[in-house]
2 protein chains.
Amino acid sequence: MAVKLTGETRKTALASIPGWTELMERDAIFRKFVFKDFNEAFGFMTRAALIAEKRDHHPEWLNVYKTVEVTLSTHDAGGLTEKDIALAQAMDKLAGA
Amino acid sequence: MAVKLTGETRKTALASIPGWTELMERDAIFRKFVFKDFNEAFGFMTRAALIAEKRDHHPEWLNVYKTVEVTLSTHDAGGLTEKDIALAQAMDKLAGA
């Protein structure tokens, strides 16, 4: 089972995803992606959904037209783990961000 | 352009989508769909996205694993219109709800 990231490991992991911010109210990370239109936004979501399903690690996400707001955290671990960092990296790559 | 629903027309329209509730804070409707798993939830979203894109009328929606919380309102009209009722009906049909 994935363990919560702490200390230097966490610091290094977060440094690899500079577009993401840590939430204040929960041990989770957040990023808002803005695309050209709904086609691009939902296209991104579809590609990310396939990755998430394959890894059995899913995002919490809100889509409003061309924006996608993503929150990542690992429920089993009660906080941020390597699984979240890896999914964040994959999403950044998909978005070209 | 779609006009905001009022009076008897609005009442009749809302009666056709009993699973939806009116939001207090905005002139919009809301429904939470709960599926078996992420596969079903995102499958629903994908089918609904194709309908939304074809109609050029898009939902605001939050997906957390097997749940999809949908808010519908017509931005151009500043509130609830026939477009929202029609999209709500289509989503109910897709979800078998």
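Sparsely packed loop sites in chain A (the trypsin sites (Lys or Arg not before Pro) outside DSSP H, G, I, E and B with at most 11 other Cβ atoms within 10 Å) comprise A:36.
On the rotation that sends chain A to chain B, the chain A Cβ lying closest to the axis gives residue and distance in whole Å as A:62, 2. In straight-distance terms, cross-link reach from residue A:11 covers every one of the lysines whose alpha-carbon lies under 16 Å from its own, apart from those fewer than eight places away in the same chain; here that gives A:83.
Helix-only mean residue ellipticity at 222 nm, chain A, DSSP H runs n ≥ 4 weighted -39,500 (n - 2.57), per residue, nearest 500. What is it? Each step should come with its number before you reach the end.
Numbers: 3 runs with 41 residues, N = 97.
Estimated from H runs of four or more residues: -13500 deg cm²/dmol.
Looking at chain B, the GluC sites (Glu not before Pro) that sit in a DSSP loop and have at most 13 other Cβ atoms within 10 Å of their own Cβ are B:25. Between copies, the label points of residue B:96, set 7 Å from Cα on the Cα→Cβ line, lie 3.9 nm apart, reported in increasing order to one decimal in nanometres.
Over all directions, the projected convex hull of the C-alpha atoms in the protein assembly as shown averages 11.8 nm² in area. Label-to-label distances for residue A:76 across copies, nearest first, come out at 4.7 nm, using points 7 Å from Cα in the beta-carbon direction.
Across all directions of projection, what mean area in square nanometres is found for the Cα convex hull of segment A:23-95?
Numbers: hull surface 18.0 nm².
For segment A:23-95, the mean projected area of the Cα convex hull comes to 4.5 nm².
Sorted from shortest to longest, the distances between the residue B:37 label points of this copy and the other copies are 3.5 nm, with each point 7 Å from Cα along the line through the beta carbon.
All of the numbers you see were taken from the coordinates with simple rules; none came from a lab. Owing to the predicted nature of the structure, the values given are computational and were not obtained by experimental measurement. So basically every Cβ, Gly included, is an ideal-geometry build from the backbone, and we count neighbours across all protein chains shown.
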